[in-house]
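Right, I'll just put the structure down here and ask away after.
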Amino acid sequence: MPGLLKNDFSAHLTRMVLCVLLCAGLVAGGTVFQQRVERDLSDQQARIEQLGVALSAVERDLAAAREVEHHFALTRDVAAVGEHDALLRDLGTRLAALTTTAGTLDLREIREKAAALQADVTGYGDAFAHLAAVRGQLGLDEKSGLEGALREAVHGAEDIVNTIGAPELLVKILMMRRHEKDFIMRRDPKYIDRLDARVAEFGAFPAAMFGSESRRAEALEKIALYQTAFHRFADLTLGLDDLQAKTAAAYDTLLPQLETLHADIDTGIAGLRAAAEQQKAQVHWLNLAIAVAGLAIFALVAWRLFRATAAPLRAVTRAVGQLAAGDTEIKVPASRVTEVRAIGAALETFRQTMIERARLEAEARAATEREAAARAAADARERADAAEAAARAEAECQELEARMAREARIVAEIAEVVGTCAAGDFTRRLDLSDKTGVFAELCAGMNRVGEAANAGLGAVRVALGHLAQGDLSYRMPVHFQGVFAEIAEAMNSTAESLVNTVQEISVSAQTVDGSAREIAGAAEDLARRSEQNAAMLEQSAAALDEMTSSVRSAAAAAEQAQAEVEGISERATEGEAVVQRAVAAMDAIQASSQGIGKILEVIEEIAFQTNLLALNAGVEAARAGEAGRGFAVVANEVRALSQRSSEASGEIAALIATADNNVRRGVELVHESGRALGGIAGGVTDVTGKIRDIVKSVSETSTGIAEISRATNELDRTTQQNAAVFEQTNAAVRALQGEAESLAGAVAGFRLSQEGAGARGGSRAA
């Protein structure tokens, strides 16, 4: 550092070189800082993209979990429960990674919402697990769970009834099974009451129908087990709807959170990208400011060097010219540069010499004039002495003029070399063979400065040339001293840093290339599977369309059968009304027969009384003798008439009794016909209701199948869209792979070392 405080030309040149190196260091530091900022921003951008990728994966896993849930609801496949749990575990892992990434990016709101979403996903998983557990208790198929217990109990009762051979008992069991199936299909609590009613009716049958009391007790025990299992099955089934609703509600709460999280991530990504662009702009302007400041400092140092060297040298040149012209009234320019100050001192010495010469000449002329005036008649010897003195003075003057000319030429050479150095050419050298004294030392110093500057700057130029050609293996020689040694150390350190940076970029490029290849393979596999799923869904949609047509045809046939059965029911109702009217008419006939019987009883009573009167009249006529003979004849006729009336009334009574018996039998038969028609009408009504339920069930089934068909078609369309998106993703990944290969090729253009070059060549050949 003490050498830098000197004011000689080499010190100024050293300061200028140091200034250049400082500016280069500032620019290099700014460039390295910019690269580091860009690398950090690139890492941040990668993490930002990971947010979107993680959220898309969460959506896919959630949709897959929902699909597995529907698959479990349709097929009751126990493997779906494990698959659903595995999907939710993966989803939780992705959400945890998303939360961590959001935390590293300082996206607090996104991190909190992701954590809340993770908690709700856990709630959704718990709801589905509870639903699956209840479904497992109910039975995953007809032979497991409560449904299997129902079948086992009712089959035991059916076996007992089949051995008995009582159709009424079997009909009740079949009605119980019908109510069970209706409840399973419609989940209406009214079928629970109906099944309980059938159980009560079954229990009301006497033991005689079972063959023995033990058989009845055994059958009732089986039916009681069946009823208990059915009540448990019904309670869990009715609660199953609530569990399904809770599961669906838990899933539905996740969708708005996903949309909100999407919007927040998009907003956060936009903000981070804007901040990244702003930071890039700030770094760019900072580098620009550093470059401008470096140029300003360099210009200031160059201007100071110009003021310290060029301007004084020009003044010295003008002073030398004036002095050579004989003008000794000059002012030697002052300078803080040692060399220029030495030239000025020499010029001042030369000027003093010229002044002294002029003084001596004046004194000589004055002495000559005085001697000429004093000794006008000086002899030849004195003139010879005077001439000799004049010759000596003339010789001294000529010698002084020659020395001044030589010094002026040396000063001109020095000024020319200084000018070429100021122009950046340090190859010019001063000839030392014709110089002595201070000028020899000055020229030797100038030559040493030029050689040192030329060697140092040449080494810098060579190092920068290798760096510009991408050769990072070249190292600047370190045999220099002073500032050039520091420059060599800085250049070599910069090259080492660039080698490390390029190696890191090369490794990153290879990693990106490998990841891109893996992603491309996965994307191609996923696209191929999506195409297969789309084809299978298309076949399923076609099968569902055919099934929908079949169910609609069955619904139309069931509706037609319902219309026909309703017509039969109406005709049966009309027949029942006719029978009821016939029963009423037969009841009226029976009542009329009973009235005729009462009239006959009156007639018999009248005949009996008439016979009594005739007997009394005969007795009185016998008492009257001959006078009552005519009256006796009348009495006999009256008695005979009453006898015939009594016989006729008896015959009529017998006929009426026979008719009454026939009417009573007819009334009983008509009543039985009415009851039979009533049973038929009731059976037809029940059949009509069941057919109506069948029509409703078929219609609901048709509607459900149509909805499933539409959902399948929509899923087919979505799957095809996903396949197209996967193709686009595959193309993007291939483009990324191409960019990674281009980056690796660009990095491979740098020559790090002979060993590294050989290794890269081998990798490229592989």
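The values are calculated or read from the model by the stated rules, or taken from the named source; none is laboratory data. From a predicted model like this one, the values you see are computed outputs, not experimental measurements. Cβ coordinates were reconstructed from backbone atoms using ideal geometry, including for glycine residues, and neighbour counts include every protein chain displayed.
Select from the stretch 78-115 the residues that are in contact (Cβ under 8 Å) with a residue 40 or more places away in the chain and outside any helix (DSSP H, G or I) and write down the one among them that is nearest to residue 46 (Cα to Cα).
105
Among (1) within 30 Å of residue 212 (Cα to Cα); (2) buried (at least 16 other Cβ atoms within 10 Å of the Cβ), where does residue 99 come up short?
Failed condition: (1).
Within the stretch 175-197, track down each residue that is among the hydrophobic types (A, V, I, L, M, F, W, C) and under 50 Å from the mean Cα position of the chain (by Cα).
At the first step, the residues of the stretch 175-197 found to be among the hydrophobic types (A, V, I, L, M, F, W, C) are 175-176, 183-185, 192, 195, 197.
Result: 183, 184, 185, 192.
Residues to consider are 160, 184; find the one that is modelled with pLDDT under 85, among the β-branched types (Val, Ile, Thr), in the same structural domain as residue 222 (by TED's automatic domain parsing) and surrounded by fewer than 17 Cβ atoms within 10 Å (Cβ to Cβ). Even if it seems obvious, please write down each step before you answer.
Details: 160 fails: surrounded by fewer than 17 Cβ atoms within 10 Å (Cβ to Cβ).
Of 160, 184, the one residue that is modelled with pLDDT under 85, among the β-branched types (Val, Ile, Thr), in the same structural domain as residue 222 (by TED's automatic domain parsing) and surrounded by fewer than 17 Cβ atoms within 10 Å (Cβ to Cβ) is 184.
Quick check, is residue 91 of a type in the set (A, V, I, L, M, F, W, C), in contact with a helix residue (DSSP H, G or I) (Cβ under 9 Å, 6 or more places away or on another chain) and modelled with pLDDT of 85 or more?
Criteria not met by residue 91.
While we're on this one: Among the residues of the stretch 241-269, how many are surrounded by fewer than 18 Cβ atoms within 10 Å (Cβ to Cβ) and either among the aliphatic types (A, V, I, L, M) or touching a Pro at 6+ places or on another chain (Cβ under 6 Å) (or both)?
Counting residues in the stretch 241-269 that are surrounded by fewer than 18 Cβ atoms within 10 Å (Cβ to Cβ) and either among the aliphatic types (A, V, I, L, M) or touching a Pro at 6+ places or on another chain (Cβ under 6 Å) (or both) gives 6.
Something else about it: Does at least one position in the stretch 429-438 carry a residue that is part of a loop (DSSP other than H, G, I, E, B), in contact with a helix residue (DSSP H, G or I) (Cβ under 7 Å, 6 or more places away or on another chain) and polar (S, T, N, Q)? Let's see the steps before the verdict.
Step one: list which residues in the stretch 429-438 are part of a loop (DSSP other than H, G, I, E, B), which gives 429-436.
From what is left, the residues that are in contact with a helix residue (DSSP H, G or I) (Cβ under 7 Å, 6 or more places away or on another chain) are 429-430, 432, 435.
Within this subset, residues satisfying the condition of being polar (S, T, N, Q) are none.
Within the stretch 429-438 (the criterion being part of a loop (DSSP other than H, G, I, E, B), in contact with a helix residue (DSSP H, G or I) (Cβ under 7 Å, 6 or more places away or on another chain) and polar (S, T, N, Q)), the answer is no, since none of the residues qualifies.
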